[in-house]
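Here the structure is laid out as structure tokens; the discussion comes afterwards.
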Amino acid sequence: MRLLKQLVAVAAVAFAGNLGMGAVQGNAFLTLVLGVATAVLAVFVYAWAVRWSERRAPVEVAGEGAASAVGRGMLIGAGAFTAVIVNIALVGGYRIEGLGSVTGAVGLLGFSAAAAVTEELLFRGVLFRIVEKWTGTWIALGLTGLVFGLMHLGNQNANLWGAIAIAIEAGGMLAAAYAATRTLWLPIGLHFAWNFVEGGVFGTEVSGNGATQGLLHGVTSGPDVLTGGEFGPEASAYAVVFGLLLTVVFLWLARRRGNLVPRRRRARAGATATLSQ
């Protein structure tokens, strides 16, 4: 029940924010303002929902150390996606054909902020965190990653492979980032920078959502397995590889820090107790 309460509370903010940004589409400044407002409000609503439904302090969105954690996540996300696009360019799958649109990039800042914050609160803050308590880190990572990937099937240029790629590279990577740090700020920063650099800087399609206007006018061409095709670079083999590498690193850190949650064995323990009587 607490999972449902938290999901509904954050999803309501995300839905209202999307409606608002859709209504002012074409106005980059208002899109930025509404996107940032949605992100900020979503954090406050999530914190309130956790206090109300779990009777505890929402330490995963605590203010102390938030700025540095977001900054580290942004550096990782920007670096990782830049590595993806550079590798695609090296095989001739991406080229720059001039400058893009500053206003387009400004609008994408708002969309990226709202999407990164609300999706991390929903999928890592609520789903992964609570499912992890029931099943352990490994199962929760697989289940919530799959749900996260399948959610993208509703996008304009979505396809099954793109959703699977997102599940592997992003669903796993972002959940592992939360497991390693036990804060939502680093995965929020990573998610935001990855998406914004993808669309707002390099001008490529983001998760099958349609054409974007970034600071650069980028064009992709070539085999879908390398470029991601209509879904965008996130469906490329390079994105999957780099996402998996980061997932392994974060899980290694989580294990080293003792942050991995083992699978609950309540049923087995109960059966053993019964047999011993």
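Worth pointing out:
- Selection within region 145-165 - touching a residue at least 60 places away in the same chain (Cβ under 8 Å) and under 20 Å from LEU127 (Cα atoms): ALA165
- Screening region 87-135 for residues that are over 16 Å from GLY200 (Cα atoms) and of a type in the set (Val, Ile, Thr) and picking the one that is surrounded by the most Cβ atoms within 10 Å (Cβ to Cβ) gives VAL117.
- Qualifying residue in region 85-96 (condition: within 30 Å of GLY26 (Cβ to Cβ), part of a helix (DSSP H, G or I) and either at pLDDT below 95 or within 19 Å of the chain's Cα centre (by Cα) (or both)): yes
- For region 91-106, the count of residues that are without any contact (Cβ under 8 Å) to a residue 60 or more places away in the chain, of a type in the set (A, V, I, L, M, F, W, C) and out of contact with any Phe, Trp or Tyr (no Cβ under 7 Å at 6 or more places or on another chain) is zero.
- GLN6 vs. criteria surrounded by 16 or more Cβ atoms within 10 Å (Cβ to Cβ) and at pLDDT below 95: yes
- The set of residues from region 44-58 being surrounded by fewer than 16 Cβ atoms within 10 Å (Cβ to Cβ) and under 20 Å from HIS191 (Cα atoms) comprises just one member, PHE44.
- Highlighted here are the helices (runs of 4 or more DSSP H) found entirely within region 134-220 that include at least 2 residues which are among the hydroxyl-bearing types (Ser, Thr, Tyr) and in contact with a Lys or Arg (Cβ under 9 Å, 6 or more places away or on another chain): 137-151, 172-181.
The values are calculated or read from the model by the stated rules, or taken from the named source; none is laboratory data. A quick note: this is a predicted structure, and the numbers were derived from the prediction, not measured. Positions of Cβ are generated from backbone atoms using ideal geometry, with glycine treated the same way; all protein chains shown enter the neighbour counts.
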